[in-house]
Structures are given as C-alpha cells and as structure tokens.
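Everything below concerns the one structure shown next.
Each reported figure results from applying straightforward, stated rules to the coordinates on display, with no laboratory input. From a predicted model like this one, the values you see are computed outputs, not experimental measurements. With ideal geometry, Cβ positions are generated from the backbone for all residues, glycine too; neighbour counts draw on all protein chains shown.
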Amino acid sequence: MATIALVGLPGSGKSTAAEILEKKGFARIRFGDAVDEELKKKGWPRNEQNEKLVREELRDTYGMHAFALLNLPRIKAAEAKGKNVVIDGMRSLEEYEYLKEELNDLVVVVAVHASRELRHARLASRKERPLAKQEAESRDKDEVEKSNCLGPIARADATITNDGSPEHLRQQIDAVLQALA
C-alpha cells in the first residue's frame, strides 16, 4: 500500500498527476477540499481572495499543519479500506512532518515541477478559477512566504518535471510507481 503526497507550486500539475493516479485506483485526497468546505459553510463565493482568507484562517486556527490534520481521517479511512492514496496538494513543511509522524513515515513525497511561465499560463487558462498574471504571482509569493511550501519540495523522494505532454507525465508517474514496487 502506498501513500503519495504531491507537492509543487500552483499550476505545476499536481492535480493532473493526482487524476492519473486516481485512474490507477488510488483514493484521491485533495487538501483544498477543506477550503471549499469552509467557503460553503461561510456562504462565500469561490475565488482567489476568499480562498486565501480561508487558507490563512484555517492555519491560524489549527496551525501550519492544518490541512494534514483536517484530512488525516480521510487518508486513514482510505488506507483502512486497503486503498493506495494520493494526496493532492500538500503544502507546508509542517504538513509534511505531521503526516510523516502520523503515517509512520509511509508517505512518499513527489514534487511536480514546471517553469513559472508555463505554470502561470496554465493558471490563466483554467476553466475554473483562472488567475491573471498578477494573481498567479501573488499566489506564488503566498505559497513560498506564508505556506512554507519549499520544505516538502526540497525533501521530495522524487521529482517529476511536467513540461511536456500528458503522456510524458503519465510515463514519469509510472516510473515513480515502478521505483516504489
């Protein structure tokens, strides 16, 4: 049984990689679901500004490991069913350390990388919640300065460069899975 946590900056392709793993039978745990749920509770529209406010509020309430803490029951429930798990969007070093401790170091961290130019182009072309260049730059800055995202990226067990075709991404994921076998 494997638990793979995908890390990377916005637009790098974490969700695309998670979709590929989900099609391979992995249970997908999207850390951003906690933000979406909180937005619904508050009755706020889903947009970059509100998502940022909720992310910061959850971290202020629960600590920098908030999303790992809030999603741990879902991860453990999937594992209890014998499912492999893919975590879509682990961010902070504290989330990394929390999951490593709670899951007995059985988390494989895979960094998904793409150039800033490519990431921002992807974010601008999203069907849902597209980001303008200035919003993408702001999101990058928040991820680095407020989410402490570089720690898990630096400590990744494997790195995938997502600058080619979807088939190339699939091949790299297959190589990571083969290395885990």
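Per-residue Karplus couplings for region 32-48, computed as 6.51 cos²θ - 1.76 cosθ + 1.60 with θ equal to phi - 60°, are listed in order as x, 4, 5, 5, 4, 5, 5, 4, 4, 4, 7, x, 8, x, 7, 8, 4 Hz, Gly and Pro entered as x. Here the sum of -39500 (n - 2.57) over DSSP H runs of 4 or more residues, divided by the residues of the chain, equals -17000 deg cm²/dmol at 222 nm, to the nearest 500. Electrostatic tally near Pro152: other residues with Cβ closer than 12 Å to its Cβ, Lys and Arg +1, Asp and Glu -1, net -1. Once backbone amide H atoms are built at 1.01 Å from N, Thr161 has His113 as its partners under 5 Å, excluding neighbours fewer than 5 places away on the same chain. Over all distinct Cα-Cα pairs of the chain, the Kirkwood formula returns a hydrodynamic radius of 16.5 Å. Per-residue Karplus couplings for region 74-87, computed as 6.51 cos²θ - 1.76 cosθ + 1.60 with θ equal to phi - 60°, are listed in order as 5, 5, 5, 5, 5, 5, 5, 7, x, 8, 6, 10, 10, 9 Hz, Gly and Pro entered as x. Return the long-range amide H neighbours of Val86 (sequence gap of 5 or more, or a different chain), with a cut-off of under 5 Å between placed amide H atoms. Answer set, sorted by chain and number: Ile4, Ala27, Arg28, Ile29. Between Ser115 and Ala179, the contour length at 0.36 nm per residue exceeds the Cα-Cα span by 20.5 nm.
Straight-line cross-link partners of Lys42 among the lysines, defined as a Cα under 29 Å from its Cα and at least 8 positions apart when in the same chain: Lys14, Lys52, Lys76, Lys127, Lys133, Lys141, Lys146.
Our coupling estimate for region 53-66, obtained by passing each phi through the Karplus curve with A = 6.51, B = -1.76, C = 1.60 and θ = phi - 60°, is 4, 5, 4, 5, 5, 5, 5, 5, 6, 9, x, 5, 9, 3 Hz, Gly and Pro reported as x.
Put simply, the amide H of Val7, placed in the peptide plane, has neighbours under 5 Å in Val110, Ala111, Val112, leaving out anything fewer than 5 places away on its chain.
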